[in-house]
Each structure stands twice: as C-alpha cells, then as structure tokens.
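Visitor: Mind having a look at this structure? Questions to follow.
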Amino acid sequence: MNAHEALTWVVAQAPAPPADPGGQGEDFGKSSPVGLLLLVVFAIAVAFLIRSMTKHLKKLPVSFDEQRAAAAAPARVQRAEAAAKTRAEADATGDADPDAADAEAKGGGTATR
C-alpha cells in the first residue's frame, strides 16, 4: 500500500456517528396517548368555537343601513321600539299611566288590570 492509497482509504471512511444525533434518540418520532388526547380535546374545542361563532354571525343584520334594517326588523322589534318611544313621550308629557301607553303601542287600546 503506497501513500496515495492510504490517504484515499482514510478520506473515504465514513465519519463516526456522534453521541447525540441531533435529538433523534431512541424515542424520536414516537407519539404518546397524551398527545392524541390533546389533539382530540383541541378538535372538540375548535368545533364548539365554530358553532358559537356561526350562531353569533347569524344574529348580525344583513345590512347596517338603518332604513333597510328597520324594514327588515321583525314585528316584535318594531312593537318594542314603538312602546319605548311612547313611554318616552309619556314621561316627557307627564302622563300618569305608562302602562296605557305600552298597551296603545302594542295595538291593544287601553290597559286593564
């Protein structure tokens, strides 16, 4: 064996593996049941969050234009707004019976007890 062959043999050898191969020990890549449990819990939490967000988004008006919103409002909302308006007018004029104003706003005429 001459010097050239010896040098080629030394350079061509694979390096010895390090003592710690970059955190890839014996358990690298293995999962535990705790990890699976956490993933399932997170998936359930996300499902509930999506459900809640969908409910809240359904409550939003189609348009934020006041005239269109008033036209699209349900009748009970319009009745409640009318009752609040008549109650405010009754308070401003000094009306003694605000229940009569509420009944009148609902379309019932006079209030009876």
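The values are calculated or read from the model by the stated rules, or taken from the named source; none is laboratory data. Given the structure is predicted, the values throughout are model-derived calculations rather than measurements. Methodologically, a virtual Cβ is constructed for each residue, glycine included, from the backbone with ideal geometry; neighbour enumeration extends over all protein chains shown.
Visitor: Being at pLDDT below 75 and β-branched (V, I, T) narrows it down to one of V10, V41, so name that one.
Guide: Only one candidate passes the filter, namely V10.
Visitor: Go through the stretch 90-100 and report how many residues are modelled with pLDDT of 70 or more and loosely packed, with under 13 Cβ neighbours inside 10 Å.
Guide: Adding up the residues that qualify gives 4.
Visitor: Looking at the structure I just gave you, is A69 part of a helix (DSSP H, G or I), at pLDDT below 90 and in contact with a Pro (Cβ under 7 Å, 6 or more places away or on another chain)?
Guide: Yes.
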